[in-house]
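Before any comments, here is the structure.
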Amino acid sequence: MVSVLGVPSFGVYPATEAALRSFARIWSVELKDRRMHVNVVRPGTVITPGCKGSLGLDEDQIDR
C-alpha cells in the first residue's frame, strides 16, 4: 500500500519491494535455460500502530 500511495518518509520500503520484484524478473529469465523457477513471497498488509498514526488511516480504510 505504501508503494502505491507515495507516503512521505516511507521511501525505503517501496524501493525494497520494487528491487525484489526486479530481481525475481531478471533471475527468472536468466535461469530459464536451467529449468529453474523463481518465486517471490510478499506478505500482505500488517496492521500496526503506524497505520493510524503515520499513515492517518481510519478503521474503514484499514478494513478495506
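The values are calculated or read from the model by the stated rules, or taken from the named source; none is laboratory data. Keep in mind it's a predicted model, so treat the numbers as computed, not measured. Ideal geometry is used to build each Cβ from the backbone, glycine not excepted, and the neighbour counts take in all protein chains shown.
Does ILE26 fit the bill of being surrounded by 12 or more Cβ atoms within 10 Å (Cβ to Cβ) and not polar (S, T, N, Q)? Spell out the reasoning first.
Details: surrounded by 12 or more Cβ atoms within 10 Å (Cβ to Cβ): no; not polar (S, T, N, Q): yes.
No.
Scan the stretch 29-59 residue by residue and report those that are surrounded by 12 or more Cβ atoms within 10 Å (Cβ to Cβ) and on the phi > 0 side of the Ramachandran plot. Write out each step before concluding.
The first filter runs over the stretch 29-59 and keeps only residues surrounded by 12 or more Cβ atoms within 10 Å (Cβ to Cβ), leaving 31, 38, 40, 50-52, 54-55, 57.
Answer for the stretch 29-59, where residues must be surrounded by 12 or more Cβ atoms within 10 Å (Cβ to Cβ) and on the phi > 0 side of the Ramachandran plot: there is none.
Residues of the stretch 11-39 being among the acidic types (Asp, Glu) and touching a Phe, Trp or Tyr at 6+ places or on another chain (Cβ under 9 Å), which ones?
Kept after step one, since they are among the acidic types (Asp, Glu), are these residues of the stretch 11-39: 17, 30, 33.
Passing the criteria: none in range.
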List every residue pair whose Cβ atoms sit under 7 Å apart, with the two residues 6 or more apart in sequence or on different chains, where the first one lies in the stretch 6-34 and is hydroxyl-bearing (Ser, Thr, Tyr) and the second, anywhere, is modelled with pLDDT under 90. TYR13/VAL2
